[in-house]
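Engineer: Have a look at this one.
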Amino acid sequence: MAALENNDLADYIPQIGSFAVLTVDPVACVDYLEDPVATAACALLPSKDYVVYISGSAPLLDPRTAFREERPYFVIQGALQDIPNQFIDAGMSIPLAHQSLTHPSGRQPLKISGSPFPWSDCYLSAFVSVSVRCPNGLVVDPVLCELDEDEQFQFTILIDDDSVRRRERRAAQGEKDNVGAVDPNVDADSVTNVDIGNDDTDSDNGTEGEIDEEEAVAIFRSLFANQASERLPAVAFTHNLSQVKEFNDPKGYFQEIAVIAEIIKASLARKEAAKAIINQKDAARYDEKTTELLQAHQASRGPDAPAASIQDKASSLSGKPPLTAPLDRGARFSRVRVCIAQIKNLSLLSSSLLPSHSPYFQMATNHDLGRYIPQIGSFAVLTVDPVACVDYLEDPEATAACSLLTSKGYVVYMHGSGPLLDPQAAFREEQPYFVMQGVPRDIPDQFIEAGMSIPVTPQSLTIADHPSGRQPLEISGALFPWLDCYLTAFTQVSVRCANVLIVDPTVCELDRTERFRFMCLIDDDAERRDDLRADAEEAKALTQNPTELATATDDIVTDTDYGDSGDAVEEIDEQEAVAMAIFRGLFADQALEHLPAVKFTHDLSQVKEFNDPKGYFQELAVIAEIIKASLARKEAAKDLIIQKDAARYDEKTAELLRAHQASHAPVASQNSGLSFAEKPAPTAPLDRGATFSRVRVCIAQIKHVFRRIMCQPIDHNT
């Protein structure tokens, strides 16, 4: 309040009754379009300064809005001329002080208070007022030239008189035109009230100046409008008239607005074209998905189902002949990916269904305690943690080597396609997509086309110039810091990060609509790549041996039409096995320790220079060599231990045999006539097979002696 009462402090400009300088802001005029192409075009436009008078006829001020509407009157210099086609004569003007000529209006010039008005022979007109919008902020900008309250009131009366005179002239001309155009066959008495088709014309059968209730409501609504329309030209004001070095004709203002209007028109046309392309793709995708569902329905009903009618429906929906072969594995996995993403998106919304006393609910709703980052749909910075990558090896040498490595920050997008979150696990798996910068290129050997890319705002290329021809993804939150970036379905990686709560607010993200569009686009690109690979393999096989390929194709069609239902059962079993494996991975408690360990942050400002994702794979290659060397050392240590264990085992076995030989020497001499002592001692350790053979012989001899002692008959078959 003190700021408004003290004129030395900031205030809302321009002030009522003041003269100011108006300058068009081309970039702000197109900000609402969120079109980088239009913004870049407007940034190149020059703007002149125009002198205006502020009458205060705009809506009431609302300090909470970002922009407010103003309706200034342009100051015109020179002698006013008649404009007959607009029913304006030179007398419909209001001169300002310092007139060197006799003014056509014969009116006394308005006296200007404050500093001397810098220009002479200037005037105002009721018919050169425009509606604009300007920033609604407090500015320190004192008034230099203004009209006092008496002169402001005089100005209001004069412009009202001129408006009435113009309406009367238009009404008179309208009556003449309508009378001259009356059909001679129509009675003249029936043409008493003529509608001249103008909103500001007073009704002949009503009281002058009367307005109906609807008009009054509209006026009051506009008077209390909270926010200026974004369609209004955006301008900047200042009270500093010395900024105008040369008095500019207001015609230049309308020429500038005309150029900006063409840029806006082109931007809207591009958006409409992009919408049409998206609608066409959506329609084609809908037909394709419908055909797939009908085929799956046909296969699930077995050979007894009325296949002909289902195929007819599929043909009518897609406009293509029905397919008889089952979906290939690539198409099945593509469908599964979409299902998993949808399941996970639903599960991540389940926090709203948790009871309020649940600890998970408290963690999810209290952001002061932190959140699990990165958030789904957000853009983040990924940094490799080399030491954490080798922690599971428990190898001090590998840890020391990784501690010397440096890591860069890479910009990624989090789609949320990883396993479901388990708060009790130390690490969790994430599957981010790297953000690429530049113009996409074809990679023929990997069946990737430049069009398999999804641009991200802001873009310097138009939709038509971009290889994908797609509407860029609109980013919510702060402005994305880099230009000409894009995403692709083929730069996704699997990593693991610490499963802890962190206070790290999201800066840039995609809303739910854009997330779903991203999911559909990457699915389309993956299917397109599978189709290109299949076509290439088919063409290669056809080139190598066309006869065998034709025979194989005939066999497939025959099996599909008349085959046994056992193949369908095997296909279903395979799909169930794949689904079970996917869901087990989806609910995995702990991320695999072999995945690269990384750190995430939503603070994109940490990346001072955009890094190519190739550097990420180069960093992992160095860490992989360290891990390989560590595992080699472990294998060498294991081999050494095994060799030592084998030598010790052989030594112990030899000792046991010698002890056994010494303890059984008398018995052995009575039966064989040759004592063990007389036999040459073994000079080399016995192998395991020989050892067990000797043991069996000893056992047989012991049994023979026991049978003789017990006087039992000897069974020679034993």
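Engineer: Regarding region 593-610, can at least one residue be identified that is at pLDDT below 70, exposed (fewer than 12 other Cβ atoms within 10 Å of the Cβ) and of a type outside the set (Val, Ile, Thr)? Step through it out loud before you land on a result.
Structural biologist: First pass over region 593-610, keeping only residues at pLDDT below 70: none.
No, the conditions are met nowhere in region 593-610.
Engineer: A follow-up question, please. Among the residues of region 78-89, are any in contact with a Leu (Cβ under 7 Å, 6 or more places away or on another chain) and crowded, with 19+ Cβ neighbours inside 10 Å? Don't jump to the end; show me each part of the working.
Structural biologist: Of the residues in region 78-89, the ones in contact with a Leu (Cβ under 7 Å, 6 or more places away or on another chain) are 79.
Among the residues that remain, those that are also crowded, with 19+ Cβ neighbours inside 10 Å are: none.
No, there is no match, as no residue in region 78-89 is in contact with a Leu (Cβ under 7 Å, 6 or more places away or on another chain) and crowded, with 19+ Cβ neighbours inside 10 Å.
Engineer: Still on this structure, I have one more. State whether the residues of region 498-515 include one that is without any contact (Cβ under 8 Å) to a residue 40 or more places away in the chain, over 30 Å from Glu593 (Cα atoms), surrounded by 15 or more Cβ atoms within 10 Å (Cβ to Cβ) and not aliphatic (A, V, I, L, M). Write out each step before concluding.
Structural biologist: Filtering region 498-515 down to residues without any contact (Cβ under 8 Å) to a residue 40 or more places away in the chain leaves 513.
Retained after the next criterion (residues that are over 30 Å from Glu593 (Cα atoms)): 513.
Okay, now just the ones that are also surrounded by 15 or more Cβ atoms within 10 Å (Cβ to Cβ), so none.
No; the residues of region 498-515 include none that is without any contact (Cβ under 8 Å) to a residue 40 or more places away in the chain, over 30 Å from Glu593 (Cα atoms), surrounded by 15 or more Cβ atoms within 10 Å (Cβ to Cβ) and not aliphatic (A, V, I, L, M).
The values are calculated or read from the model by the stated rules, or taken from the named source; none is laboratory data. Note that the coordinates shown come from a computational prediction; the quantities given were computed from them, not determined experimentally. Using ideal geometry, Cβ is built from the backbone for each residue, glycine included, and neighbour counts are taken over all protein chains shown.
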